[in-house]
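First comes the structure, then the notes that go with it.
The values are calculated or read from the model by the stated rules, or taken from the named source; none is laboratory data. Every value quoted in this text rests on a predicted model; they were computed, and no experiment measured them. When we count neighbours, we look across all protein chains shown, and the Cβ atoms used for this are built from the backbone with ideal geometry, even at glycine. The area values use the complete protein model at the heavy-atom level, side chains included, leaving out ligands, DNA and RNA. Shrake-Rupley method; radii C 1.70, N 1.55, O 1.52, S 1.80 Å.
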Amino acid sequence: MEKWNKIALMKCLWNLCVKSDTLWVKWINFYYMKGRDVMECEAGTSWSWVIKHILKQKDLAIQHQSIWTKAEQRRSFSMRNMYIAMMQEEQGVVWKGLVQGNHARPRAVLMLWILCHGKIATKDRLCRFGIITDRIYSLCKAADETISHVFFECRITNQIWKDVMEWLQIKRQPRGWTEEINWMIENTRKKGWKAYLLKIACAESVYGIWHHRNETVFYRNNPNTITQDIIDRITYRGWMNQNYRKHVAGLMT
């Protein structure tokens, strides 16, 4: 959204440079530019906020000079082309494979995406914002509620991960957030049914644990079926792929 807003402002800048016949451009040129070149003009201190931010996009236009020049020549500014160019400049995030092509429930994939961004509203994060003062994790009441503790280090959630991995026939002792996310990234890059189900399990386990945490915090419920619920979700989502049904059936026996 931030990039799109900048591109929208850049199109306004392009209009000032090219669309000299429009009333808005004529007014800006008369009131602010006073005959000066838009790309050479510096914003005055008394200029409006909008005009200042439009002129700030000159550096961005220079960075993408080839697209900018083509737009001037064709007298048509493509916001789509500029957006694609800006996105291609960024290096892909290392965990994108965990959410791309993940056949878990959309709500579970979304929760995993939020978690990878570190934006889940854990108590330690809420404390930094001054919203609450209690930092203790509600499930085990043994440590501060951080992302690493909520999903991997807590004795309760640690056991959930171990049980889910054991069901997938994977021997894995869960560790901290950094180690686990790197391990999942590496193992979900592989081909085959196990990597396919592991990707689903990653999203469904994250969603299941966070839902379990919320049930405890807000409703004082502490269901004992959380692990089985996660496994049932993995089974159902995995069964939808006909190529891997026999493997899912093998795990169910």
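The single condition among (1) modelled with pLDDT of 90 or more; (2) out of contact with any Pro (no Cβ under 6 Å at 6 or more places or on another chain) that Gly118 does not meet is (1).
Taking region 194-231 as the range and being of a type in the set (D, E, K, R), open to solvent by 50 Å² or more (accessible area, probe 1.4 Å) and part of a helix (DSSP H, G or I) as the test, the residues that pass are Lys194, Asp229. Inclusion of Asp163 among residues that are touching a residue at least 12 places away in the same chain (Cβ under 8 Å), surrounded by fewer than 21 Cβ atoms within 10 Å (Cβ to Cβ), in contact with a strand residue (DSSP E or B) (Cβ under 9 Å, 6 or more places away or on another chain) and of a type outside the set (Phe, Trp, Tyr) is not warranted. Pairs meeting the criteria (first residue in region 1-29 and over 13 Å from Ala71 (Cα atoms), second residue open to solvent by 40 Å² or more (accessible area, probe 1.4 Å) and not in a helix (DSSP H, G or I), beta carbons under 7 Å, at least 6 apart or on different chains) are Val25/Lys19. Tell me whether region 70-90 contains one or more residues that are closer than 30 Å to Ile234 by Cβ, open to solvent by less than 90 Å² (accessible area, probe 1.4 Å), modelled with pLDDT under 85 and aliphatic (A, V, I, L, M). Checking region 70-90: not a single residue is closer than 30 Å to Ile234 by Cβ, open to solvent by less than 90 Å² (accessible area, probe 1.4 Å), modelled with pLDDT under 85 and aliphatic (A, V, I, L, M).
Residues in region 39-55 that are among the β-branched types (Val, Ile, Thr) and out of contact with any helix residue (DSSP H, G or I) (no Cβ under 7 Å at 6 or more places or on another chain) were compared, and the one that is modelled with the highest pLDDT is Val50. Counting only residues that are touching a helix residue (DSSP H, G or I) at 6+ places or on another chain (Cβ under 6 Å) and open to solvent by 40 Å² or more (accessible area, probe 1.4 Å), region 95-133 holds 3 of them. Pairs meeting the criteria (first residue in region 231-253 and more than 26 Å from Gln159 (Cβ to Cβ), second residue surrounded by 11 or more Cβ atoms within 10 Å (Cβ to Cβ) and among the hydroxyl-bearing types (Ser, Thr, Tyr), beta carbons under 8 Å, at least 6 apart or on different chains) are Asn241/Tyr196; Tyr244/Tyr196. Looking at this structure, is Arg175 over 21 Å from Ile200 (Cα atoms), surrounded by fewer than 17 Cβ atoms within 10 Å (Cβ to Cβ) and touching a residue at least 12 places away in the same chain (Cβ under 8 Å)? So Arg175 does not fit the description; no. Just one residue in the set Lys191, Lys141, Lys171 is assigned to a loop (DSSP other than H, G, I, E, B) and within 24 Å of Gln100 (Cα to Cα); that residue is Lys191. Within region 144-160, if we keep just the residues that are of a type in the set (A, V, I, L, M, F, W, C) and part of a helix (DSSP H, G or I), the residue that is surrounded by the fewest Cβ atoms within 10 Å (Cβ to Cβ) turns out to be Ile156. With respect to Asp59, determine if the residue is more than 19 Å from Ser20 (Cα to Cα), open to solvent by 80 Å² or more (accessible area, probe 1.4 Å) and out of contact with any His (no Cβ under 9 Å at 6 or more places or on another chain). Judged against the criteria, Asp59 is a match.
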